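Structure first, then comments.
Here, each number is a calculation from the coordinates, and none is a lab measurement. What you are looking at is a predicted structure, and each value in this text was computed from that prediction instead of being measured. All Cβ positions, even for glycine, are placed from backbone atoms using ideal geometry, and neighbour counts span all protein chains on display.
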Amino acid sequence: MPQGRLDKTKDIGAKLTALNIQQEERLASRRAEILHLPYIDLFAFPFESGVLEAIPRTEAQAAGAVLFYKKGKDLRMGVVNPQADAFDGLVEKVEKKFGLKPQVYIISHHSLKTAIARYQREEAYVPLDTDTISISQEQLDQFQEALDSYEKLGQRISSVVPSELMSSIMAGAVKMGASDVHIEPRRDEAQLRYRIDGVLQNVATFGLSGWKHLLSRLKVVSDLKLNVHHMPQEGGFVMHAGDTKYDIRISILPGGLGEYIVLRLLNRKEGALSLDQLGMKARDKEVVEEALKESTGLILSAGPTGSGKTTTIVSCLAVVNRPEFKIITLEDPIEYRVVGAEQTEVDASAGYTFPVGLRSILRQDPDIIFVGEMRDSETAETGIHAAMTGHLVFSTIHSNDAPGVILRLVGMGLMPYVLAPAIDLIIAQRLVRLVCKKCSEEYKVDKKTKEHISNVMEGVDRSVFDPAILADPNLTFFKTTGCKDCGNTGYRGRVGAFEILVVKGELEEMVLQGADAASLREVAQEHGMTTIRQDAYLKVISKLTTIEEVERISEE
């Protein structure tokens, strides 16, 4: 038979098969209505081998039924014909095995075949339990070969079958050092993006069938509702990648073309960084260390989302963490494990909010408290009250700069006469990307750039910045090029750019009198504070980052 006719025959056969499957599913759905039982299509369902194999394959085939889900006391079975004699015996066996009565779903013959086929490829599914995903070291090593560019990594992810999409995406995220994974449905495909060093990078596109399979599996492992598509949902699960354990936070948001998925990766191995590792210059480090000697007061870390606020606070907690102190945290979510601290997590659905949790914490006789975020007046008032009554309180707050924190709190309804004595220190920050050490190149700085930096650095204490540096005709900075080590971005890693406001003496008096942010900034700079932008330029001069990075964070 000619090749063209053969291809046409195959196409017709594929279409007929698809139509037959659709008909099977319609009949199964109708059968479920008649029997007053729920219906489910298991074609794209993310089976877990440990659950599936609780029923031997031969018995599953004989009864036309499979065990497809178990989460706590939630046990689910799918059956083609619940009136079959073999099914009653199987249900009794499952009840005896688990001590639970399973919820029965009607499935099609096609769904049954799909499930039975999974018995033969159980190695593709190796979770330790139903809310855990596992990626072997071998899978991670395979992705190492694709790290010379996002393009090659994307090609690899785009080529896998839907059932392998989850492990491929997560393996790529781990190997590329992504903090977040974004999966966004479009009209004809789904877009995958990783947030690496604070910047989103396009990685791959893949078919909508893969997105549907991925969405279902993520909902299952995160204990979210499979049949809810028009409301936001949030959850989480545990992922083992090689010998590292990750807490994965998931947010699903309904959109016009489907549900958008964002996954945040929290590495349980990552401990606190030292103040030096954060990127603080010597003066700033001394100021922070002096404030950390206090036994009471409020220390705030400020900045937009993703600016490293929590990382800075955890580094401060590491300095004050001693056996004689009781440290309790209230976070949303817990991002770092602090040895010796009692860490609690907000659960709004259970009524455990920041205000409620903070009031409960105060009854536990703590010495040091970390409140994940001051996002409302009640939390702020309670936290400030705690800081004034014998506790050292740490928290984060959204603000563009350090002086703006005072105005933000006043806007929440707190009075200046309460804020002035309570706040000890405000650390505002951004994160700048570090140039890749393997591929960065030096270039001579032009006169216009030197003049611009000179204007920005005007008034900075000479112990921090010597203007004579800019007079050097051979002054060089770094620029990015891109290589395999940095994924062709030219950057690898991040470091903080800080401005640190000490609320004492003249500045405390100004806060008490309700001074505006501009006045606070002017006086703070007279007392030696460098702005975020100035600190970022110091890192350019030290050849840690680029002028483009300073401009990027200045626009945030």
- Could you check what % of the DSSP bridge pairs in the chain are antiparallel, to the nearest 5? 65
- In terms of the alpha carbon gyration tensor, root eigenvalues a ≥ b ≥ c, rounded if a/c is under 1.5 and otherwise prolate when a/b exceeds b/c or oblate, the range 199-252 is oblate
- Message: Neighbour counts of other C-beta atoms within 10 Å: give me VAL221, VAL418 arranged from fewest to most.
- Response: VAL418, VAL221
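Which order do the peptides 491-498, 378-385, 92-99, 186-193 take when ranked by the mean count of other beta-carbon atoms within 10 Å per residue, highest first?
On the way: 491-498: 23.1, 378-385: 21.2, 92-99: 12.8, 186-193: 16.5.
Listed from highest to lowest mean packing, they are 491-498, 378-385, 186-193, 92-99.
Determine, from the Cβ-Cβ distance of GLU92 and ARG30 and an R0 of 22 Å, the FRET efficiency 1/(1 + (r/R0)^6), rounded to the nearest 0.05.
0.20
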- Message: Output the 0 to 90 degree angle, nearest 10, between the alpha-carbon long axis of helix 85-98 and the longest principal axis computed from the alpha carbons of the chain.
- Response: 30
- Message: Can you classify the range 179-319 as rounded, prolate or oblate using the Cα gyration tensor, where a ≥ b ≥ c are the square roots of its eigenvalues, rounded means a/c under 1.5, and otherwise it's prolate if a/b beats b/c and oblate if not?
- Response: prolate
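Check each of the trypsin sites (Lys or Arg not before Pro) in the range 357-420 and keep only those in coil by DSSP with at most 15 other C-beta atoms within 10 angstrom; list them in order. Intermediate results must be reported in sequence, preceding the final value.
Working: sites: ARG359, ARG363, ARG375, ARG408; in loops: ARG363, ARG375.
Taking the range 357-420 and a limit of 15 other Cβ atoms within 10 Å, the loop trypsin sites (Lys or Arg not before Pro) found are ARG363.
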- Message: So for each of 27-38, 307-318 I average, over its residues, the number of other beta carbons within 10 Å; can you give me the resulting order with the highest mean first?
- Response: 307-318, 27-38
- Task: Pull up all non-local amide H partners of THR396: gap of 5 or more, or a different chain, and H-to-H distance under 5 Å with H placed in the peptide plane.
- Result: SER301, GLU373, MET374
- Query: Can you pull out the cysteines in the chain that have no other Cys Cβ under 4.7 Å?
  - Reply: CYS316
- Treating the angle as unsigned and between 0 and 90°, give the value, to the nearest 10°, between the Cα long axis of helix 208-221 and the longest Cα principal axis of the chain. 80
- In order through the range 443-460: 3J(HN,Hα) via Karplus (6.51 cos²θ - 1.76 cosθ + 1.60), integer Hz, x for Gly, Pro: 8, 6, 7, 7, 4, 4, 5, 4, 5, 4, 5, 4, 5, 5, 8, 4, x, 6
- By the C-alpha gyration tensor axes a ≥ b ≥ c (rounded if a/c is under 1.5, else prolate when a/b exceeds b/c, else oblate), the shape of the range 258-360 is oblate
- Query: Could you work out the helix-only [θ] at 222 nm for the chain, with each DSSP H run of four or more residues adding -39,500 (n - 2.57) and the total divided by the number of residues, to the nearest 500 deg cm²/dmol?
  - Reply: -12000 deg cm²/dmol
- Task: With a Förster radius of 30 Å, plug the Cβ-Cβ distance of LYS152 and GLN103 into 1/(1 + (r/R0)^6) and report the FRET value to the nearest 0.05.
- Result: 0.10
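What does the charge count near ALA54 come to, summing +1 for each Lys or Arg and -1 for each Asp or Glu among other residues with Cβ under 9 Å from its Cβ? Display every interim value, and only then the final one.
On the way: positive: LYS70, LYS97; negative: GLU53.
The answer is +1.
Please report the net charge: other residues with Cβ closer than 11 Å to the Cβ of LYS450, K and R +1, D and E -1. Display every interim value, and only then the final one.
On the way: positive: LYS444, LYS447, LYS448; negative: ASP446, GLU451, ASP472.
Overall, the nearby charge balance is 0.
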- Message: For a quick check of your reading of the filter: which GluC sites (Glu not before Pro) in the range 455-517 sit in a DSSP loop and have no more than 16 other Cβ atoms within 10 Å?
- Response: GLU458
- Between helix 309-320 and the chain: long-axis angle, C-alpha atoms, 0 to 90°, nearest 10: 70
- Query: Considering only Cα-Cα distances, which of the following residue pairs are longer than 27 Å: LYS70/LYS93; LYS448/LYS543; LYS152/LYS543?
  - Reply: LYS152/LYS543
- Task: Only one of the values [x] 25.6, 91; [y] 28.6, 93; [z] 22.9, 69 was calculated from this structure for Rg and Dmax of the Cα atoms in Å; name its label.
- Result: [y]
